[in-house]
Amino acid sequence: MNLLTEHCLQMTRRSLLGSGVHAAGAAALSSLMAQQTRGDGSRQENGALPGIPHHPPTAKRFIYLFMNGGPSQMDMFDYKPELDALFDKDLPDSVRQGQRITTMTSGQARFPMAPSMFRFQQHGQCGRYVSELLPETAKVVDDLSFMYSVRTNAINHDPAVTYIQTGRELPGWPSMGAWLTYGLGAGTENLPNYVVMTPSWTGRKSAQALYSRLWGTGFLPPNLQGVALRAKGDPVLFINNPPGLEASDRRKMLDGLAEMNRIQFSRMGDPETNARISQYEMAFRMQTSVPELTDLSQEPQHVFELYGEDAKTPGTFAASCLMARRLAERGVQCIQLFHRGWDQHTNLPNDLRSQCRDIDQATRGLIEDLKQRDMLKDTLILWGGEFGRTVYCQGDLQRDNYGRDHHPLCFTMWMAGGGVQGGRSIGQTDDFSYNVVADPVNIADINNTVLHCMGIDNKRMSVKFQGLDARVTGVEDYRLLNELFA
């Protein structure tokens, strides 16, 4: 083996910049990775960018309840009683307007309309309609502000989820959690600032795959990556030392490894080397903090009653919601739950019942728990999926059974807490829950509003990448959803 040849083959472009023209390479990387930092590259004590928060935040932490697969807005929140008389009638061309549909229904001879079979009632002082599938969520409807007119660009799952997470439909861009951590720094020393959970589900057995890039960092520093807590086994892989290895031995090993990494950084100038050092140190601290976090034995019985009995079963949505509250208490600033199984192309009534049963009491429990602890006022909660469902049926249509295809043109999301005024709403859809007829809300609007609540002015936080001032809102126009605030 020729060591010089092997070294050249393994040398990355970044390494070449760092070793060949160290000063110029470091300057180029600095402009790429941290446009907002001061000239000396420093940050605030907690790692936040200088000047952040740009304005007084209304939220200290952000919990995203993501319903992966596309929940049916017209079976849950977007009440359309006029459709009852149109059962099995074809969707008018004047409503569809030649808009694209997926290949799963493009071959159908007709598009018969399927009114929701579920009963709706008004709830709370705000009088919002909620279907019978969510009786517990309906009890806290006055804490929620609905966005009925959300629309997106993508019609298939992976680009749609990627888009809502990163502001782009293509992989490789930073997630919202990474952007928040990039700007805000760390809220706690002993836990990651961005934590992801993927709870179990009881609806449709097969579900869309989730990729770690959805909570990745793209071109931002890799230490901003979301950390996934596992539903089974150790919550984090290798959280425990192997038999025979004491904590003091681990400490000595990490000290030696850190020293070697510092030498490597001095030679190559690769910022990922320093990221490795910080990640190893975080992993060491997590060996103490994570077992304490995930030990629910000290939670009183009334808390389990609040979230539901499923909260005692590790990996369920209810247990994950309880874990979200515990993470929020410990200073974690961005928490995201991906609940899968919402892609009901067929057998929607049965599968949707199961999915709603998974989340209903736990969602109310999380809101009530945060309120009792005086935390809801500065905890922003966002609920929603990557798109909605069609009014027309996919496959066979029956009064008590039907399916719905993907629909990006309008769907429902809601926010609560963190400065959002409960009981409000934005937007309106037509009588078919197919097109937005008033106050459209784009994904960029939602992401911009989340950043605003956390004290970040989106126009003042960007990173130069591929010739663009890259932001989580992408290159689209966006607005602040002022209608949600007092």
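A few points about this structure:
- Region 102-115 residues that are farther than 24 Å from A160 by Cα, paired with ones that are basic (K, R) (beta carbon under 6 Å, 6 or more apart): M113/K89
- For region 55-70, a tally of residues being under 14 Å from I359 (Cα atoms) and under 9 Å from the mean Cα position of the chain (by Cα) returns 3.
- Considering the conditions (1) modelled with pLDDT of 95 or more; (2) within 16 Å of the chain's Cα centre (by Cα); (3) of a type outside the set (A, V, I, L, M, F, W, C), Q225 is excluded by exactly one of them, (1).
- Cβ separations smaller than 8 Å between residues 6+ apart or across chains give the following pairs from region 179-193 residues that are within 19 Å of V463 (Cβ to Cβ) and at pLDDT 95 or above to residues that are in a loop (DSSP other than H, G, I, E, B) and basic (K, R): W179/R471.
- Extreme residue, surrounded by the fewest Cβ atoms within 10 Å (Cβ to Cβ), among residues of region 367-380 that are out of contact with any Phe, Trp or Tyr (no Cβ under 7 Å at 6 or more places or on another chain) and either without any contact (Cβ under 8 Å) to a residue 12 or more places away in the chain or hydrophobic (A, V, I, L, M, F, W, C) (or both): D374
- For the residues P199, P159, the requirement of being without any contact (Cβ under 8 Å) to a residue 40 or more places away in the chain and either closer than 30 Å to R357 by Cα or within 12 Å of the chain's Cα centre (by Cα) (or both) singles out P159.
- Evaluation of A138 against (1) touching a residue at least 40 places away in the same chain (Cβ under 8 Å); (2) buried (at least 19 other Cβ atoms within 10 Å of the Cβ); (3) within 26 Å of C453 (Cα to Cα) (one fails), failing number: (1)
- Answer residue from region 402-412, given it is in contact with a helix residue (DSSP H, G or I) (Cβ under 8 Å, 6 or more places away or on another chain) and part of a loop (DSSP other than H, G, I, E, B) and is surrounded by the fewest Cβ atoms within 10 Å (Cβ to Cβ) among those: P408
- Here S94 passes the criteria (1) surrounded by fewer than 21 Cβ atoms within 10 Å (Cβ to Cβ); (2) of a type in the set (G, A, S); (3) within 22 Å of the chain's Cα centre (by Cα) except the one numbered (3).
- Looking across region 111-169, the residues that are in contact with a strand residue (DSSP E or B) (Cβ under 8 Å, 6 or more places away or on another chain), of a type in the set (K, R) and more than 16 Å from H406 (Cα to Cα) come down to R119, R128, K139.
- Annotation note: of F77, F87, the sole residue that is at pLDDT 95 or above and crowded, with 18+ Cβ neighbours inside 10 Å is F77.
- Taken over region 381-401, the criterion of being assigned to a strand (DSSP E or B), over 10 Å from the mean Cα position of the chain (by Cα) and buried (at least 24 other Cβ atoms within 10 Å of the Cβ) is satisfied by I381, G388, R389, T390, V391, Y392, C393.
Yes/no per residue for (1) surrounded by fewer than 23 Cβ atoms within 10 Å (Cβ to Cβ); (2) of a type outside the set (S, T, N, Q); (3) in contact with a Lys or Arg (Cβ under 6 Å, 6 or more places away or on another chain); (4) assigned to a helix (DSSP H, G or I):
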| site | (1), (2), (3), (4) |
| --- | --- |
| W414 | no, yes, no, no |
| G423 | yes, yes, no, no |
| F432 | yes, yes, no, no |
| D445 | yes, yes, yes, yes |
| T449 | no, no, no, yes |
| K459 | yes, yes, no, yes |
| V472 | no, yes, no, no |
| E476 | yes, yes, no, no |
| R479 | yes, yes, no, no |
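- Exactly one residue out of L348, L337 is in contact with a helix residue (DSSP H, G or I) (Cβ under 6 Å, 6 or more places away or on another chain) and crowded, with 24+ Cβ neighbours inside 10 Å, and it is L337.
- Members of region 287-313 found to be crowded, with 18+ Cβ neighbours inside 10 Å and either within 19 Å of the chain's Cα centre (by Cα) or not in a helix (DSSP H, G or I) (or both), listed by number: G308
- Residue match in region 132-154 (condition: aromatic (F, W, Y) and under 30 Å from R471 (Cα atoms)): yes
- Selection within region 314-333 - in a helix (DSSP H, G or I) and either of a type in the set (F, W, Y) or within 22 Å of P192 (Cβ to Cβ) (or both): F317, A319, S320, C321, L322, M323, A324, R325, R326, L327, A328, E329
- Taking the numbered list (1) of a type in the set (A, V, I, L, M); (2) out of contact with any Pro (no Cβ under 7 Å at 6 or more places or on another chain); (3) more than 25 Å from F118 (Cα to Cα); (4) surrounded by 19 or more Cβ atoms within 10 Å (Cβ to Cβ) in turn, M454 passes all entries but (2).
Results for (1) at pLDDT below 80; (2) part of a loop (DSSP other than H, G, I, E, B), shown as yes or no for each residue.
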| site | (1), (2) |
| --- | --- |
| L210 | no, yes |
| L220 | no, yes |
| V236 | yes, yes |
| R251 | yes, no |
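- Every pair of residues 6+ apart whose Cβ atoms lie under 7 Å, when the first sits in region 262-274 and is over 19 Å from G47 (Cα atoms) while the second is of a type outside the set (G, A, S): Q264/T273; F265/T273; F265/N274; G269/H22
The values are calculated or read from the model by the stated rules, or taken from the named source; none is laboratory data. As the structure is a computational prediction, the values presented were derived from the model and not from experiment. All Cβ positions, glycine included, derive from the backbone under ideal geometry; neighbour counts span all protein chains shown.
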